[in-house]
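The values are calculated or read from the model by the stated rules, or taken from the named source; none is laboratory data. No experiment lies behind these values; they were computed from the predicted model shown. No Cβ is skipped: glycine too gets one built from the backbone with ideal geometry, and neighbour counts run over all protein chains shown. When the accessible area is computed, the model is the full protein with side chains, heavy atoms only, and any ligands, DNA or RNA have been set aside. Shrake-Rupley method; radii C 1.70, N 1.55, O 1.52, S 1.80 Å.
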Number of protein chains: 2
Amino acid sequence: MGHSERLVEVWRGDVLESQHHGHAVICNAKGDIVDGWGDPDQVILPRSSAKMLQALPLVESGAADAAGLTTEQLALSCASHQGAAIHTDRVTRWLSDMGLGNDDLLCGPQMPDDRETRTELIKADASPCRIHNNCSGKHAGFLTLSRHLGGGADYVDLDHPVQQAVKAAFEEITGETSPGFGIDGCSAPNFAATLAGMGRAMGAFAGAKPGGDTRQRAAVRLREAMMLHPDLVAGETRACTELMRAAKGKVALKTGAEAFFVAILPEQELGVALKIMDGAERASECAIATILVSLGVLDADDPMVKKRMNPVVKSRAGQDAGEIRPSAALLRA
Amino acid sequence: MGHSERLVEVWRGDVLESQHHGHAVICNAKGDIVDGWGDPDQVILPRSSAKMLQALPLVESGAADAAGLTTEQLALSCASHQGAAIHTDRVTRWLSDMGLGNDDLLCGPQMPDDRETRTELIKADASPCRIHNNCSGKHAGFLTLSRHLGGGADYVDLDHPVQQAVKAAFEEITGETSPGFGIDGCSAPNFAATLAGMGRAMGAFAGAKPGGDTRQRAAVRLREAMMLHPDLVAGETRACTELMRAAKGKVALKTGAEAFFVAILPEQELGVALKIMDGAERASECAIATILVSLGVLDADDPMVKKRMNPVVKSRAGQDAGEIRPSAALLRA
């Protein structure tokens, strides 16, 4: 990877115990980089931060309207949810409205992150199903698009019309030919881009207008759906949900595995993309919160923000033992 | 931190998705660095990798023999166990033999990593207790030493005779004045050192002879106890346990939080200490396994070794999606 910058520090007592390096860009609606850290040309996998891009063909093709999808369903199509009842009930109903069910999803099963649901499963000696997978909303969106396009059952295949449509939209909005892909945790292709490409895509989402072209109108609907339903995009206690609530409609936020994070700021017409090179979520959450504070859409004193930007490290007996904090380089934002 | 080297890579498809940098040293019995990566002067917190050092006064003072401690108890005093019955039963009996119990431990409670025990607790709506804390064996050792020294109940206080004895042993065997300390997850002070200091300590443990002085005899007893009881030092499925078994008595191994790892190789009279700067366990496990393969005490083809050194990254549906692997720099070991 190119030259990265130290973005996040983990202190225990007076000792800098661990640290996280990464890359970040802030882009305007035209795709220009207006600020950044590290190397914008770094090739990355956006993982679940690409979900809004993967949902563009669902809206642009007319599939979403033909199926009468609500803003809740659009939010779920962009979600990495935690398998709580508010998520799985809606995905189950969505599939059933199409005459489909759990077995039509091609993502694997995943133990839900939602504590209550997980505890229920453990107590019942039950295994999680595919609907619990954090990507099941995205997959329900893929199935909706596949039906609209007349595609086959293997909608995660790279050559399937769904994935070809996703790839085309991804390359158009990032402004790049994708240099490759990886198989995501949910079995779908995840297209690579440069960090600048993902920043450009977020800038385009931020600058999109309700009266714009098909692409812009789709981008507006997706970002609005996410901000309307922060609880469906992730879930209680999760960063995307809590920080979107704290920003009160000023930002749409999406994390991705291995410490990717993106943000869309429609009022400023700015997009943010960042990657912590070691894949640590504690660091990507601190970094995105810090950048959003510097851009004026989050308040550093809000407990929901402080818990991500500057959390206390505690012993198991509850004593304060240290803290996670943004580096000086990140704070100059 | 000083200049670190890329030690571990995380690949997904053809994309280098994440990477881990760190520092490592290999020291001989005299404390000379015979090989290394990154900066040996890096100040680190060894966390639970310091447990053998913290147990030295227990043995050297005569407290262990006065209490009739077995090799199992010495292994537990160096353990980060996962709260399985084999661990908690022995710690409970050890405390009870002293007329003490759970409430005399000053570590906080911890949900056990052992899956069966954790599932039992969840099913019973029960909370974990202090005996489940991964450090409860170390704390039982502290209590044994405290009684021998006539110390008070607050044995984790920096000025308590137990911690003063630990600090003296720590500084002697690392050959350094400790530059500070942090409060560990278990509430005890964790003394800082340079990476070279921890390597020096491991070299001393490796070169210690059964016929040597008090320090050497204590070091031999502790490393032998660990290698005799790999299941008590960590537990089933854990790296320390599985890699010690795979090494068949040729290495004593101990991980620490935030991606610290140490190894003692008595036959070669070599010690290893390493720190992954971002704190990722997947990387410290890959790095220690790789170094031990290069030193000839582990076989790269052993499934228990491959699972740490070169694990497959899978989708939730079980497809191969990528791999974790040592960097070229680490492989030149």
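Some notes on this structure:
- Looking only at residues in the range B:149-179 that are in contact with a Gly (Cβ under 7 Å, 6 or more places away or on another chain) and either among the charged types (D, E, K, R) or in contact (Cβ under 8 Å) with a residue 40 or more places away in the chain (or both), the one that is farthest from the other protein chains (Cβ to nearest Cβ) is B:Gly175.
- Looking only at the range A:111-147, and only at residues there that are under 24 Å from A:Ile183 (Cα atoms) and free of Cβ contacts under 8 Å to residues at least 40 places away in the same chain, the one that is farthest from the other protein chains (Cβ to nearest Cβ): A:Ser146
- The residue pairs whose first member lies in the range B:274-299 and is over 14 Å from B:Leu243 (Cβ atoms), whose second member is part of a helix (DSSP H, G or I), and whose beta carbons are closer than 7 Å, counting only pairs six or more residues apart or on different chains, are B:Lys275/B:Leu195; B:Ile276/B:Ala283; B:Ile276/B:Ser284; B:Ile276/B:Ala287.
- Any hit, the range A:14-23, residues being modelled with pLDDT of 95 or more, more than 13 Å from chain B (Cβ to nearest Cβ) and farther than 30 Å from B:Pro189 by Cβ: no
- Residue check for A:Ala204: of a type in the set (A, V, I, L, M, F, W, C), out of contact with any Leu (no Cβ under 6 Å at 6 or more places or on another chain), at pLDDT 95 or above and closer than 26 Å to A:Asp41 by Cβ: yes
- Only residues that are at positive phi and out of contact with any helix residue (DSSP H, G or I) (no Cβ under 6 Å at 6 or more places or on another chain) were counted across the range A:259-275, and they come to 0.
- When the range A:267-290 is filtered for residues that are over 12 Å from the mean Cα position of the chain (by Cα) and among the polar types (S, T, N, Q), the ones remaining, listed by number, are A:Gln268, A:Thr290.
- Candidate set from the range B:1-13 (those that are more than 8 Å from chain A (Cβ to nearest Cβ) and at pLDDT below 95); member that is most open to solvent (accessible area, probe 1.4 Å): B:His3
- Any hit, the range B:140-150, residues being open to solvent by 10 Å² or more (accessible area, probe 1.4 Å) and closer than 21 Å to B:Cys27 by Cβ: no
- Residue match in the range B:209-217 (condition: under 28 Å from B:Ala289 (Cβ atoms) and of a type in the set (Ser, Thr, Tyr)): no
Let's see how each residue does on (1) within 22 Å of B:Pro230 (Cβ to Cβ); (2) charged (D, E, K, R):
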site: B:Gly62; (1), (2): no, no
site: B:Thr71; (1), (2): yes, no
site: B:Ala84; (1), (2): yes, no
site: B:His87; (1), (2): yes, no
site: B:Arg93; (1), (2): yes, yes
site: B:Pro109; (1), (2): no, no
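- Residues of the range B:258-299 satisfying the condition of being aliphatic (A, V, I, L, M), within 14 Å of chain A (Cβ to nearest Cβ) and open to solvent by 10 Å² or more (accessible area, probe 1.4 Å): B:Met277, B:Ala280
- Listed by first and then second residue, the pairs linking a residue in the range B:32-53 that is more than 18 Å from B:Thr255 (Cα to Cα) and away from chain A (no Cβ under 14 Å) to a residue that is open to solvent by 40 Å² or more (accessible area, probe 1.4 Å) and of a type in the set (Val, Ile, Thr), with Cβ atoms under 8 Å apart and 6 or more places separating them unless they lie on different chains, are B:Pro40/B:Ile33.
- Tabulated pairs, the range B:84-102, first closer than 13 Å to B:Thr117 by Cβ and open to solvent by 60 Å² or more (accessible area, probe 1.4 Å), second acidic (Asp, Glu) and at pLDDT below 95, C-beta under 8 angstrom, 6+ apart or interchain: none
- Scanning the range A:121-139 for residues that are open to solvent by 70 Å² or more (accessible area, probe 1.4 Å) and touching a Pro at 6+ places or on another chain (Cβ under 9 Å) yields A:Ser127, A:Arg130.
- Just so you know, in the range A:300-333 the residues that are in contact (Cβ under 8 Å) with a residue 60 or more places away in the chain and within 13 Å of chain B (Cβ to nearest Cβ) include one that is surrounded by the most Cβ atoms within 10 Å (Cβ to Cβ), and it is A:Gly322.
- Subset of the range B:308-333 that is basic (Lys, Arg) and within 16 Å of B:Ile291 (Cβ to Cβ) - its residue that is modelled with the lowest pLDDT: B:Arg332
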